[in-house]
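Have a look at the structure below, then the notes.
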There are 2 protein chains.
Amino acid sequence: MKKHTNEGHDFSMQDEMRRAFAMLSGKWKLEIMWLLHQRIHRFGELRKAIPGITQHMLSAQLRELEADGLLLRTVFAEVPPRVEYEMTEKARGLGPTMEALAAWWGEYGSTIPARPSMRGRKQKDLSAVKASRQSK
Amino acid sequence: MKKHTNEGHDFSMQDEMRRAFAMLSGKWKLEIMWLLHQRIHRFGELRKAIPGITQHMLSAQLRELEADGLLLRTVFAEVPPRVEYEMTEKARGLGPTMEALAAWWGEYGSTIPARPSMRGRKQKDLSAVKASRQSK
DNA sequence: CGGTATCCAAAATGATACTG
DNA sequence: CAGTATCATTTTGGATACCG
């Protein structure tokens, strides 16, 4: 069968990893998982914590992550409603990955100036938009 | 000075991390970096190693990663042309992150069956699939 | 509050052809 | 071989309406 050498990963390893990448490559998934790695979040908290994401996308990404068994959704029968999201046992295994990423960024992030990049992160001036909105 | 507590990262930490996420959230970036983490690859090698990616996207993602200082592009003045991609010093710091991810997947990946997911990974019959696959 | 549904615009990605 | 140019399709963004 497929051997998983610990160093110098072989081909089958790449095939396996592909599923993991697909599972995490949504546009906001890494950020969502990063937040949940730190603590349980409510829907609204995630929305506030992720500038630029829409309700629509947040909802969609959360449902995908849930379907992939990475997070757990808990609905509290209260008024007003409360829904909490937290990592599943499996996803908690991603902790070391998250920490390693944070460590890397802490070390090199500062050395990578505001650089170009940031594509797909543009968001129009929200404060200015609400001002003049009318016919459509 | 932003405080970076080691456990329970604070808010500023999240803001910092956002840039890292944006840098890696392209649809194929994690996979590309994973491959380059293992060894230098030529353009064509990456294309073969990443089923489903198009020249267009591979080229685009590589240019973005290069712009973000994560990989180095080396063109050899030969015939036929040869172009090699490798991680930069900074990006090599991502090694532990990659390894942690691989370790996680090795541990839990198997427990997450073929699951639904795979959205955005659908690719129309890429010839290779058509051959009635009976072996397993 | 925490969604889902809809419609439309914009951005990202895919397919195919073509070039140095 | 390693791309780019162009056009098509898919995904995501944004606003609004509506519901439990």
Cα shape, the range B:27-109, gyration tensor, a/c 1.5 rule
prolate
In nm, to one decimal, how far is the modelled label at residue A:72 from the one at residue B:63, with both set 7 Å along Cα→Cβ?
4.6
Can you list the distances in nanometres, one decimal and ascending, from the residue A:78 label point to the identical position in each other copy, with the point 7 Å along Cα to Cβ?
6.6
The answer for residue A:88, listing residues at least 5 apart or on another chain whose modeled amide H is closer than 5 Å to its amide H, is A:71, A:72
18 Å Cα-Cα threshold exceeded, pairs from A:48/A:90; A:27/B:90; A:90/B:27; A:27/A:90; A:29/B:27; A:29/B:90
A:48/A:90; A:27/B:90; A:90/B:27; A:27/A:90; A:29/B:90
Tell me, what is the percent relative contact order of the range A:27-109, built from C-alpha pairs under 8 Å that lie six or more residues apart?
31
Between the label point of residue B:96 and that of the same position in each other copy, find the distances and list them shortest first in nm, with every label point placed 7 Å from Cα along the Cα-to-C-beta direction.
1.2
Quick one: A:25, B:59, fewest Cβ neighbours within 10 Å first, how do they rank?
B:59, A:25
Placing the label point 7 Å from Cα along the Cα-to-Cβ direction, what are the distances from residue B:56 to the equivalent spots in the other copies, shortest first, in nm to one decimal?
2.2
Give me B:78, A:107 sorted ascending by neighbouring Cβ count inside 10 Å, so fewest comes first.
B:78, A:107
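None of the figures in this text is laboratory data; all of them are computed from the coordinates on show. From a predicted model like this one, the values you see are computed outputs, not experimental measurements. Cβ atoms come from the backbone with ideal geometry, glycine included; neighbour counts cover every protein chain shown.
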